[in-house]
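Here the structure is laid out as structure tokens; the discussion comes afterwards.
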Ligand code: NAD
Ligand code: ZN
Ligand code: ZN
């Protein structure tokens, strides 16, 4: 799903050129903004230079400034999905996508209540991801990845806030943000499918792992984890 847009165009969509260079350091290269970026200018098809090493850019929403070439180099090192994230304040521009491998997300409803949510039933999410071969977006392209503990069963209270979290989790799933391929911090196993910073409750009636109920802060915590990946209710606005 990588975007076909040229990297320079993505940078110029979300950053404007600053005329009077501020007396600050670039957060990427740590050199003064008044010095040129150390990164090479990629030559364009026409042979010209689209972004010069001395160009200082400012993000259109958060206003943070850095060398435009440093931001271009950071973009080219990532998944190149057409989105940018300010390295200072983490504001996301465009739709951030991740590297979650192919799989299935299924949703069921259970009549039984979760501990701490006695007034409603339960939403069950089942994630299934089969083993496969890593793509260019993964740590070791061409090598296999393993899948431990799949299918993974997750639970939400079936109330207004739980259903809102479910809708946002569906968006995060489509944007490939729920899982990634990496090293499991629990088992140390490399090249395996792991959670990617959006916490899920994987125990329904027990809490042996600490990833169970009751947890009065869970829905708010997962909403802020989703927001930090750019997944908010704004996704549903036309
Ligand atoms: P990880 O160990 O790299 O940890 C990444 C994040 O997942 C961390 O934030 C951690 O707090 C969270 N996490 C760890 N264990 C979790 C759990 N049981 N439920 C929910 N969140 C959890 O991530 P990982 O390697 O993907 O998962 C950790 C371990 O949990 C793995 O060994 C996996 O097999 C196992 N697991 C099993 C099931 C199951 O249903 N059998 C479900 C989920 C996870
Ligand atoms: Zn720089
Ligand atoms: Zn910023």
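Derivation of every value follows stated rules applied to the coordinates shown; laboratory data play no part. What you see is a predicted model, and the numbers here were worked out from it, not measured in a lab. FYI the Cβ positions are ideal-geometry reconstructions off the backbone, even for glycines, and counts take in every protein chain you see.
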At q = 0.13, 0.17, 0.25 Å⁻¹, the log10 of I(q)/I(0) for region 57-136 from a Debye sum over equal Cα scatterers comes to -0.69, -0.80, -1.16
Considering all alpha-carbon pairs of region 111-228, what whole percent are spaced by more than 23 angstrom?
34
Share of Cα-Cα pairs in region 105-179 beyond 18 Å, whole percent, is 51
Region 169-232: radius of gyration and largest Cα-Cα distance (Dmax), Å:
12.8, 34
Could you tell me what a quarter of the Cα convex hull surface of region 158-206 works out to, in nm² with one decimal place?
4.3
With Rh as the Kirkwood radius over Cα pairs, region 3-96 has Rg/Rh of 0.93
What 222 nm value per residue comes from the helices of the chain, counting each DSSP H run with n ≥ 4 as -39,500 (n - 2.57) and dividing by all residues, nearest 500 deg cm²/dmol?
-5500 deg cm²/dmol
The relative contact order of region 92-225, taking Cα pairs under 8 Å that sit 6 or more residues apart, comes to a percentage of 24
Angle between the chain longest axis and helix 160-174 axis [Cα atoms, degrees, rounded to 10]
50
For the chain the mean separation of alpha carbon contacts under 8 Å (6+ apart) over residue count, i.e. relative contact order in percent, is 14
Determine the distance separating the Cα centre of region 69-139 from the Cα centre of region 215-238; give it in Å without decimals.
12
Could you state the angle between the C-alpha long axis of helix 218-227 and the longest principal axis of the C-alpha atoms of the chain, as a value from 0 to 90 degrees rounded to the nearest 10?
30
Would you please put 219-228, 67-76 in order of how densely packed they are, using the mean number of other Cβ atoms within 10 angstrom per residue and starting with the highest?
67-76, 219-228
Students often check this: by mean Cβ neighbours within 10 Å, which of 138-145, 33-40, 172-179 ranks highest, and how do the rest follow?
172-179, 33-40, 138-145
Could you work out the Kirkwood radius for the chain, taking every pair of different alpha carbons, averaging 1/r and inverting it, reported in Å?
20.1
